[in-house]
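**Student:** Okay, here's the structure, questions in a sec.
The values are calculated or read from the model by the stated rules, or taken from the named source; none is laboratory data. These figures come from a predicted structure and were not determined experimentally. Neighbour counts are summed over all protein chains in view; Cβ atoms, including those assigned to glycine, are modelled from backbone coordinates with ideal geometry. Areas reflect the complete protein model, heavy atoms only, side chains present, ligands, DNA and RNA absent. Shrake-Rupley method; radii C 1.70, N 1.55, O 1.52, S 1.80 Å.
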Amino acid sequence: MKKDLTKLMDLTKEDIVGILNLADQMKKDFKNGKEHKILNGKTLAMIFQKSSTRTRVSFETGMYQLGGQALFLSTNDLQIGRGEPVEDTARVLSRYVDGIMIRTFEQEEVEKWAKWATVPVINGLTDFSHPCQALGDFMTVREYKGALESVHLAYIGDGNNMCNSLIVGGLTCGMTVSVAAPEGYDPDPKVLDFAKKYDDKFILVRCPKEAAAKADVLVTDVWASMGQESEVAARKKAFEGFQINNELLALANPKAIVQHCLPVKRGEEITAEVFEAHAKPIFDEAENRLHVQKAIMALLMG
Ligand code: CP
Ligand code: NVA
């Protein structure tokens, strides 16, 4: 594995399987009360430029469970907020801490952190990707479906950070991935370029029913991501019909599970009824963030 985890495109299938296997082990051991203090005395700096519930709490708790500690750092409070460049902050923090997790807007900023920091940098969400969440999703899919190979994942909605990450990670792991997004809301061109190598395993369509047909896993995410608050009304209009509801679910494999990274907007990308009916795998998915990130930190910082 590389020094950093900034996007799934940097991981091989073996890297992903290695993370997921270790995460399964971490989860099992945690449930059995077996501790792994492999990051004893180490510190993770967590830099947030956007809100977070799951990412913050799962990284902080995970670090504690591994014997280390985590620092929550809002960019408003750091000198970064007053213009200190990433180049300098990354080099300073590298003298104090053993790893840096960052949630921000531009992917390029995370890549810059990775370039200048001498300690591992982990992407906790950018507008382009959300690798830790997608890995948590794959861990959950393996728990429910036994494998990733030949599982058909259908993503319905915005071609956003989650969609980009599920396409790249899913195809890397041998999944079939179908995406339904309205025109103008496609996944990132770099991701579509990446998907070209997997011609027979990937489709991008405009019709949710076509994408959902016979799918084993149905995934969606909010129509307006963090930072797109001013586009909410226009997006609600553009995404009409791109909802996971009982009608769409009826076209999928009868044993299909539903995944959502959360937070959810009930009545928009998914009905409250479908969400509650699939709450078990959705909250397992949220739980698995903890285990998968412990595995990532153990591999990068251990
Ligand atoms: N899914 C996810 O990353 O949630 P938070 O925004 O609460 O961290
Ligand atoms: N696409 C969402 C994911 C939140 C975890 C966002 O970026 O806001």
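**Student:** Evaluate E = 1/(1 + (r/R0)^6) for LEU71 and GLU108, where r is the Cβ-Cβ distance and R0 equals 35 Å; express this FRET efficiency to the nearest 0.05. The partial results should precede the final answer.
**Tutor:** Working: r = 24 Å, r/R0 = 0.68.
Calculated transfer efficiency: 0.90.
**Student:** Per Stokes-Einstein, at 25 °C and 0.890 mPa s, what whole-number D in µm² s⁻¹ belongs to the chain, with the Kirkwood radius over Cα pairs as the hydrodynamic radius? Provide the component values of the computation, followed by the final result.
**Tutor:** Numbers: Rh = 19.5 Å.
The Stokes-Einstein estimate is 126 µm²/s.
**Student:** Skip the ligands, DNA and RNA, and give the accessible area per residue of the range 128-275 with a 1.4 Å probe, whole Å². All intermediate terms of the calculation are to be shown ahead of the outcome.
**Tutor:** On the way: 5850 Å² over 148 residues.
Spelled out: the 1.4 Å probe surface of the range 128-275, per residue, equals 40 Å².
**Student:** So, one more: How large a share of the accessible area of the chain, in percent, is made up of carbon and sulfur atoms when the probe is 1.4 Å and the other protein chains stay in place? Could you put the intermediate results ahead of the total?
**Tutor:** On the way: 6680 of 13000 Å².
Result for the chain: 51 percent of the exposed heavy-atom area is carbon or sulfur.
**Student:** Here is a follow-up. Would you mind checking the radius of gyration and Dmax of the range 90-247 based on alpha-carbon positions, in Å?
**Tutor:** Looking at the range 90-247, its Cα Rg and Dmax stand at 16.8, 55 Å.
**Student:** Another question, if that's okay. Under a point spin-label approximation (7 Å from Cα along Cα-to-Cβ), what is the LEU78-LYS265 distance to one decimal in nm?
**Tutor:** 2.9 nm
**Student:** For VAL119, what charge total do you get from the other residues with a beta carbon under 11 Å from its beta carbon, if Lys and Arg give +1 and Asp and Glu give -1? Walk me through the numbers on the way to the answer.
**Tutor:** Details: positive: LYS3, LYS42, ARG91, ARG95; negative: ASP4, ASP98.
With Lys, Arg at +1 and Asp, Glu at -1, the neighbours total +2.
**Student:** Still on this structure, I have one more. When the scattering of the range 81-162 is computed by the Debye formula from its Cα atoms alone, each counted once and equally, what is log10 I(q)/I(0) at q = 0.12 Å⁻¹?
**Tutor:** -0.48
**Student:** Additional query: How far apart, in nm, are the 7 Å Cα→Cβ label points at ASP199 and ASN32?
**Tutor:** Distance between label points: 4.7 nm.
**Student:** While we're on this one: Equivalent-ellipsoid semi-axes (√(5λ), Cα gyration tensor) for the range 162-302, whole Å, largest first? Kindly include the intermediate steps, with their values, before the conclusion.
**Tutor:** Details: eigenvalues 105, 77, 63 Å².
In descending order, the three semi-axes are 23, 20, 18 Å.
**Student:** Do the alpha carbons of any pairs in LYS196/LYS265; LYS28/LYS280; LYS31/LYS145; LYS37/LYS201 sit beyond 29 Å of each other, and which pairs? Could the numbers behind the result be given before it?
**Tutor:** Details: LYS196/LYS265 32 Å; LYS28/LYS280 18 Å; LYS31/LYS145 21 Å; LYS37/LYS201 40 Å.
Result: LYS196/LYS265; LYS37/LYS201 exceed 29 Å.
**Student:** Follow-up question, since we're still on this one. Scanning the chain for helices, which whole DSSP H stretches are 18 Å or more long along the axis (Cα) and average -1.0 or more by Kyte-Doolittle? Please list the in-between numbers first.
**Tutor:** Values: long enough: 13-31 (27 Å, -0.51); 131-145 (20 Å, -0.39); 279-301 (33 Å, 0.17).
Within the chain the helices that satisfy the rule are 13-31, 131-145, 279-301.
**Student:** Then there is this: State, to one decimal in nm, how far the label point of ARG91 lies from the label point of LYS2, with both points 7 Å from Cα in the Cβ direction.
**Tutor:** For the pair ARG91/LYS2, the computed spacing is 2.2 nm.
**Student:** Which listed residue (PRO281, CYS261, ALA298) has the Cα farthest towards the positive end of the charge dipole for the range 246-302, taking +1 on Lys and Arg C-beta and -1 on Asp and Glu C-beta about the Cα centre?
**Tutor:** Checked the options; the winner is ALA298.
**Student:** If you don't mind, there's one more thing I want to ask. Considering only C-alpha atoms, what is the centroid distance from the range 103-149 to the range 28-43, in Å?
**Tutor:** Each part reduced to its Cα centre gives a spacing of 22 Å.
**Student:** Keeping all protein chains in position, work out how much accessible area HIS152 exposes to a 1.4 Å probe, and write it in Å² to the nearest 10.
**Tutor:** 30 Å²
**Student:** On to the next question. Working only with C-alpha atoms, what are the Rg and Dmax values of the range 29-165, expressed in angstrom?
**Tutor:** 16.6, 49
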